[in-house]
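A.B. asks: This is the structure I have questions about; it appears just below.
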Amino acid sequence: MARLCLPNETIEQILEYAWTSTTSATERKVFFATLATADAVLHTLLSRIATHCVIIDVSRFSTDDMDLYADRSYRAAEAVVGNKRSSLRIDQYYNLELPEDDLLAFRRDLYKSSHLRIEGFTGASDQARHHRDISSRETDDTHRRTWGYVLAKLTHIIPDAFSVTVAPAPGSSWPVVKQIVPALLFPTLRSFPSLRSVHFATFFEVLNYANHSAAPPYLPRVTSLRLAHVPICECPSTDWRPRRADGHLACCLAATLLESFPNLRHLHIESPVFLKTLRPPASVETLTLDAPPVMRIQGRQAFSSLIEYNVSAAVRRGFMSLSPSPSGSESESESVQPDVTDERRNGKRRKIVVRTGAEEPFGWVSAKAACDEAGIELVKVVEYVEPVVRTDPMLIAIKSADGVSVSVPKRPTVLEAAQMMAAEVQR
Ligand SMILES: [Zn+2]
């Protein structure tokens, strides 16, 4: 067989690339079936890769990927814990078959180091069914077309993961996650015992707790958070719903998102936001900011900029300071200075990493001066080889802190994108 020409590591890399490039559950199923009949070694390697890089596409409430994983892990478990399907247990609310404790424990162990990628979780189109008649579930599969069902099933089949990425589906143009997210997704993430890293590669609808007065669930085990889009507060002044002491609505995701991660050590922000509006937990040691070269005006040269982050204003108000200054006043940032050398000695100096192009981004000099003053290390990493122009929709609908859209023309706002998404799903 030709595979003997290449070392296993190389074949594994090729397979991993192929696996993570798949764009649908059908492709993944065919991939497995093809290798199963073609070559036992390749099939085993692919099984290992699929366990390490779990991809679950839930677009339009699909559970096809989950069924594939359930089948694979069930067969793998049979050899270890035996077939114990005799006493079937059912989740009464979702009418969902529950795995036996042994099987669940087996799966938990199997996936504890895995990277789980959930694609196509939009939260859209669930609201209309929110008050559905549960008693009718025997006669139709309405209950299967809710995000609650999808996530409940997911946690039974993939009950643990080291990292989770919530991403748009490959074919989706408008990746907006609607208000169901914290109510369902956060408790799901909380149920993974080994979870340390979370990446939201999606937009958020801003008032995410709209129908849920409960406080956002905490994810104290997560130490790394990456956000494609930082939610910006849009609390209406006339809203009657309960407010926090700081004036935000209790359902304001912008105000509460970072509070859900009290032990964060690394925060990565992919799209510009005024940093001074953020309240990251005091535990954050490293902040990564993406500042790719972008063509702001059609036909003009692309350039990168830190200005939209306004690093210096934030740092001068105590952002990323070693002793948190809750009020964020100018004078308090001075008192941070003496601690810096101690922290540096302990190797805990705070760091801001800027991922950008070869050219120095606009705003670098002032950011550097402010960081030097505050004892924060500012590092530039050339991540985008110029001339690279990032044109993906992620950058488009971002709003700066004062609500002014970044100047990329003729693209939908978050709200428009959400409406288009909802219309698409209802069609
Ligand atoms: Zn708010």
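The values are calculated or read from the model by the stated rules, or taken from the named source; none is laboratory data. Since we're looking at a predicted model, the values are computed, not measured. No Cβ is skipped: glycine too gets one built from the backbone with ideal geometry, and neighbour counts run over all protein chains shown.
A.B. asks: Can you spot a residue in the stretch 38-46 that is touching a residue at least 60 places away in the same chain (Cβ under 8 Å), of a type in the set (A, V, I, L, M) and crowded, with 17+ Cβ neighbours inside 10 Å?
C.D. replies: no
A.B. asks: Of the residues that sit in the stretch 345-392 and are out of contact with any strand residue (DSSP E or B) (no Cβ under 9 Å at 6 or more places or on another chain) and part of a helix (DSSP H, G or I), which one is modelled with the lowest pLDDT?
C.D. replies: Among those that are out of contact with any strand residue (DSSP E or B) (no Cβ under 9 Å at 6 or more places or on another chain) and part of a helix (DSSP H, G or I), it is R345.
A.B. asks: While we're looking at this one, here's another question. Mind counting the residues in the stretch 56-105 that are of a type outside the set (D, E, K, R) and at pLDDT 85 or above?
C.D. replies: Residues of the stretch 56-105 of a type outside the set (D, E, K, R): 56, 58-59, 61-63, 66, 68-70, 73-74, 76-77, 79-83, 86-88, 90, 92-96, 98-99, 103-105.
Checking which are at pLDDT 85 or above leaves us with 56, 58-59, 61-63, 66, 68-70, 103-105.
The qualifying residues number 13.
A.B. asks: Conditions first: (1) modelled with pLDDT of 90 or more; (2) assigned to a loop (DSSP other than H, G, I, E, B); (3) not basic (K, R). G123 passes all but one, so which condition is the exception?
C.D. replies: (1)
A.B. asks: To continue, here is another question. Taking the stretch 280-326 as the region of interest, how many residues are of a type in the set (K, R) and crowded, with 17+ Cβ neighbours inside 10 Å?
C.D. replies: Quick first cut of the stretch 280-326, residues of a type in the set (K, R) only: 296, 300, 316-317.
Adding the requirement that they be crowded, with 17+ Cβ neighbours inside 10 Å leaves 316-317.
Total satisfying the criteria: 2.
A.B. asks: Take the stretch 128-169 and flag every residue that is modelled with pLDDT under 65 and part of a helix (DSSP H, G or I).
C.D. replies: Result: A128, R129, I134, S135, S136, R137, E138.
A.B. asks: Right, here's the next one. If you scan the stretch 170-203, which residues turn out to be assigned to a loop (DSSP other than H, G, I, E, B) and at pLDDT 90 or above? Walk me through how you get there before you give the answer.
C.D. replies: Here is the first cut: in the stretch 170-203, the residues assigned to a loop (DSSP other than H, G, I, E, B) are 170-175, 178-179, 191-196, 201-202.
Scanning the stretch 170-203 gives S191, F192, P193, S194, L195, R196.
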